[in-house]
Amino acid sequence: MSGPGAYAAVDLGASSGRVMVARVGRSRLELEEVHRFGNQPVRLPDGLHWDVLRLYREVLHGLRAAAGRAEGISSVGVDGWGVDYGLLDASGALLGNPYHYRDARTDGVAGKVHAAIPFEKLYELTGLQFLPFNTVYQLAAAAGTPQLEAARTLLLLPDLFGYWLSGQLGAERTNASTTGLLDVRAGAWSPRVLRAAGIREGLLPPLRPPGEVVGPLRAEVAAETGLPPSVVLTAVGTHDTASAVVGVPADGDRFAYVSCGTWSLVGVELDRPVLTAASREANFTNEGGVDGRVRYLRNVGGLWLLQESLRVWERAGLPSDLPALLGAAGEQPAGGPLVDPDDEAFLRPADMPAAIREACRRGGQPQPAGQAGLVRCVLDSLAAAYARAVGDAVRLSGRPVEVVHLVGGGARNGLLCQLTADACGLPVLAGPVESTALGNVLVQARAHGSIGGDLQALRALLRATQQIRRFEPAAAA
């Protein structure tokens, strides 16, 4: 090993982004946030888009802050959400702002794709759960458009930012596994799926594994950020959940995880995919992980329900202080109304609190009383959904679970953690909050020799250096 090193992590979330600096050695793992920024989509006449140029400017600003905060940075890694993409023309120029996965253009498209390749066969090939905004459906929605006709390369968003930073084209495997275009057994783009969806095979770039050194930053990037010309871009688990699962401080393999942010990803870590009919019917996904692992999980509509409720209340001039609302929600009695966080009514409502109350009414339940009651309804519903997903993951995979690790922003929410422990009937270990950035820098540090070992070794360093809270299930629950 080469000794302690400094690394920069660019972590792009669906609601916010951040640039972090880490100092990593055999017994050292220190993480510092140097820049945080919001991530708000833009609605244009043709639909909902990501403002990627502003995001890239924020990334450069964050890397400039990182250069000023830490000496000796040797590598940068980028992670972000899955499924969304940018299209490049023959010169490498971006063809328009990428669409947001919540855009309505994919409505009704899945049926057309499944007419060409039945979902049963699609699942057998890709192992991917059905989500109406998966990349394969987005591309089907774009079929015949001038933009797609002019495109020569498709880059998932973390790879797009990596291309702008380094000038190198490629598709990192963990994020590629979220597209519905990757053969889960072969670990390669699936010609069968591409033909069925009408996608040119040459549109997709070569695949690269997490841990691969992509190349040096472009000279213009080094000059603008103040980073040394020797700094390289290193592929990490560019899907944020892949990095978050690396950042789970588990001891052994009998654990489930909840990566809790705008979305919640709930599942277990496996050595091979589960492609049974029962797994398909339960809508579980087999996504790629670091070191060839499989993230066997279900997407649950996470803190989006709470984030959107707060936004609506703030706009209406109602109290929107989250700690106060959580305190009041904790005083609410148990056994209140529950909703399905994955109800399509919650995908893009104009008024989230109204959508939640309507879902309760449709289900023959009392509507939540006031803001505190609605917050409690959201958290109870999330905890119940997590428990269902953990139970299904155990049943379908055969992997025993003795503890649930809740990582990401939701780990700050003590009420959610306790309700999850109660619903699962298992201890919940909460934290680290910045599990995604930690997983990002751990893969970089191992690639550059600051640390060594397998995932167990990386997680042992997390347990030794990060703050983790334990929540025991209440006896009454």
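What accessible area per residue, rounded to a whole number of Å², is obtained for the chain using a probe radius of 1.4 Å?
Values: 17940 Å² over 477 residues.
Here the per-residue accessible area is 38 Å².
Please get the size of the charge dipole for the range 152-237, origin at its Cα centre, with Cβ charges of +1 on Lys and Arg and -1 on Asp and Glu, quoted in debye to the nearest 20.
For the range 152-237, the charge dipole is close to 400 debye.
From the phi angles alone, apply the Karplus equation (6.51, -1.76, 1.60; θ = phi - 60°) to the range 11-18 and give each ³J(HN,Hα) in whole Hz, x where the residue is Gly or Pro.
Values per residue, Gly and Pro as x: 10, 9, x, 5, 10, 7, x, 8 Hz.
For residue 412 and residue 251, compute 0.36 nm times the residue count separating them, minus their Cα-Cα distance, and round to one decimal in nm. Present the calculation step by step, with values, prior to reporting the outcome.
Details: separation 161, 0.36 × 161 = 57.96 nm, distance 2.14 nm.
So the chain would gain 55.8 nm between residue 412 and residue 251.
Using a basic spin-label model with each label point 7 Å from the Cα along Cα→Cβ, how many nm lie between residue 27 and residue 121?
5.9 nm
Which whole DSSP H helices in the chain pass both tests: a Cα extent of 20 Å or more along the axis and a mean Kyte-Doolittle value no lower than 0.0?
Details: long enough: 52-69 (25 Å, 0.12); 370-397 (40 Å, 0.68).
Helices meeting the criterion: 52-69, 370-397.
Of all DSSP beta bridges in the chain, what percent run antiparallel (nearest 5)? Kindly include the intermediate steps, with their values, before the conclusion.
Working: 50 of 69 bridges.
The antiparallel fraction comes to roughly 70 percent.
Whenever you get a sec, compute what percent of the accessible area on the range 34-83 sits on carbon and sulfur atoms (1.4 Å probe). Each step should come with its number before you reach the end.
Details: 1150 of 2120 Å².
Summing carbon and sulfur atoms, their accessible area is 54 percent of the total for the range 34-83.
Just subtract the alpha-carbon distance of residue 474 and residue 281 from 0.36 nm times their residue separation and send over the number in nm, one decimal.
Gain on extension, residue 474 to residue 281, equals 66.3 nm.
Output ³J(HN,Hα) for the range 193-198: one whole-Hz value per residue in order, computed from phi by the Karplus curve 6.51 cos²θ - 1.76 cosθ + 1.60 with θ = phi - 60°, and x for Gly and Pro.
Once θ is set to phi - 60°, the couplings for the range 193-198 become 5, 4, 5, 5, 8, x Hz.
Do the sum for the chain: with -39,500 (n - 2.57) for every DSSP H run of n ≥ 4, divided by all residues, what is the mean residue ellipticity at 222 nm, to the nearest 500 deg cm²/dmol? Intermediate values should be presented prior to the final figure.
Details: 18 runs with 182 residues, N = 477.
-11000 deg cm²/dmol, from helical runs alone.
Which whole-percent values make up P(r) of the range 15-86 when all C-alpha to C-alpha distances are grouped in 10 Å steps starting at zero?
It works out to 16, 44, 26, 11, 3, 0, in whole percents.
Could you size up the charge dipole of the range 229-372 around its Cα centre, putting +1 on the beta carbon of Lys and Arg and -1 on that of Asp and Glu, and report it in debye to the nearest 20?
Values: 12 positive and 18 negative charges, 42 e Å.
Charge dipole of the range 229-372: 200 debye, to the nearest 20.
Can you figure out the FRET efficiency of residue 114 with residue 201, using R₀ = 22 Å and their beta-carbon distance, to the nearest 0.05?
Values: r = 21 Å, r/R0 = 0.94.
The calculated FRET efficiency here is 0.60.
With contacts defined as alpha carbon pairs under 8 Å and 6 or more residues apart, what's the relative contact order of the chain in percent?
Values: 1040 pairs, mean separation 83.9, N = 477.
The normalised contact order for the chain reaches 18 percent.
Apply the Kirkwood formula to the range 128-261: the hydrodynamic radius equals the inverse of the mean of 1/r over all pairs of different alpha-carbon atoms; give it in Å with one decimal. Spell out each step's value before the answer.
Working: mean 1/r = 0.0599 Å⁻¹.
One decimal place: 16.7 Å for the Kirkwood radius.
Ignoring ligands and nucleic acids, what accessible area does residue 338 show with a 1.4 Å probe (Å², nearest 10)?
Roughly 80 Å² of residue 338 is accessible to a 1.4 Å probe.
Once Lys and Arg get +1 and Asp and Glu get -1 on their Cβ, which of 106, 63, 78 lies farthest toward the positive end of the dipole of the range 57-136?
Projecting each Cα onto the dipole axis, the largest value belongs to 63.
Residue 345 to residue 331: extension gain in nm, 0.36 nm per residue of separation minus the Cα-Cα distance? Don't jump to the answer; show the numbers that get you there.
Details: separation 14, 0.36 × 14 = 5.04 nm, distance 2.78 nm.
Computed gain between residue 345 and residue 331 is 2.3 nm.
Compute, for the range 374-477, the length of the dipole vector about the Cα centre, with Cβ point charges of +1 (Lys, Arg) and -1 (Asp, Glu) only. Units Debye, rounded to 20.
On the way: 10 positive and 7 negative charges, 23 e Å.
My answer is approximately 100 debye.
Work out, in µm²/s and without decimals, the Stokes-Einstein translational diffusion coefficient of the range 265-311 at 4 °C, 1.567 mPa s, Rh from Kirkwood over C-alpha pairs. Write out the running numbers ahead of the final one.
Numbers: Rh = 12.0 Å.
Roughly 108 µm²/s, to the nearest whole number.
Below 8 Å, C-alpha to C-alpha, sequence gap of six or more: please give me the relative contact order for the range 331-477 in percent.
Relative contact order comes out at 20 percent.
Where the accessible area of the range 95-143 is counted over protein heavy atoms with a 1.4 Å probe, how much of it, in %, is carbon and sulfur?
On the way: 950 of 1640 Å².
Carbon plus sulfur share of accessible area: 58 percent.
Rank-order 389-398, 123-132 by packing density, defined as the average count of other C-beta atoms within 10 Å over each peptide's residues, highest first. Walk me through the numbers before you get to the answer.
Details: 389-398: 18.5, 123-132: 20.9.
Highest to lowest by the protection proxy: 123-132, 389-398.
If one computes the Cα centroid of the range 102-141 and of the range 401-444, what distance in Å separates the two points?
If you average the Cα positions of each part, the centres end up 31 Å apart.
Quick one: check the C-alpha center-to-center distance for the range 173-244 versus the range 270-285, whole angstrom.
So the two Cα centres are separated by 24 Å.
Taking the alpha-carbon set of the range 53-114, what are its Rg and Dmax in Å?
17.2, 53
For a protection proxy built on the mean count of beta-carbon atoms within 10 angstrom, sort 430-443, 202-215, 457-470 highest first, please. The partial results should precede the final answer.
Values: 430-443: 28.5, 202-215: 17.6, 457-470: 15.9.
Per-residue Cβ counts within 10 Å, averaged per peptide and sorted highest first, yield 430-443, 202-215, 457-470.
Quantify, in whole percent, the carbon and sulfur part of the accessible surface of the range 157-226 (1.4 Å probe; protein heavy atoms only). Write down the numbers at each step before the final one.
Numbers: 1410 of 2720 Å².
Here carbon and sulfur together make up 52 percent of the probe-accessible area.
Which loop GluC sites (Glu not before Pro) in the range 302-360, with loop taken from DSSP, have no more than 14 other Cβ atoms within 10 angstrom of their Cβ?
Values: sites: 308, 314, 331, 344, 358; in loops: 331.
The qualifying sites are 331.
Where a ≥ b ≥ c are the square roots of the eigenvalues of the C-alpha gyration tensor, would you call the range 357-469 rounded, which needs a/c under 1.5, or, failing that, prolate if a/b is larger than b/c, or oblate? Each step should come with its number before you reach the end.
Details: a/c = 2.90, a/b = 2.04, b/c = 1.42.
Prolate shape, in that a/c is at least 1.5 and a/b is the bigger ratio.
Let me know the Kirkwood hydrodynamic radius for the range 191-279, please, with Cα pairs as the basis and the value in Å to one decimal. Walk me through the numbers before you get to the answer.
Values: mean 1/r = 0.0582 Å⁻¹.
17.2 Å is the Kirkwood radius here.
Under the rule of at least 5 residues apart or a separate chain, name every residue whose amide H is placed under 5 Å from the amide H of residue 247.
439
For the range 326-366, what is the Kirkwood hydrodynamic radius in Å, using each pair of distinct C-alpha atoms? List each step's numbers first, then the result.
On the way: mean 1/r = 0.0884 Å⁻¹.
Roughly 11.3 Å, rounded to one decimal.
Considering amide H positions built from the backbone, and no H for Pro or chain starts, which residues 5 or more places from residue 129, or on another chain, come under 5 Å of its amide H?
Sorted by chain and number, the residues that satisfy this are 285, 286.
The values are calculated or read from the model by the stated rules, or taken from the named source; none is laboratory data. Fair warning: this is a prediction, and the values are worked out from it, not measured in the lab. Backbone-built Cβ (ideal geometry, glycine too); neighbour counts: all protein chains shown. Just so you know, the surface numbers come from the protein's heavy atoms only, side chains and all, with ligands and any DNA or RNA stripped out. Shrake-Rupley method; radii C 1.70, N 1.55, O 1.52, S 1.80 Å.
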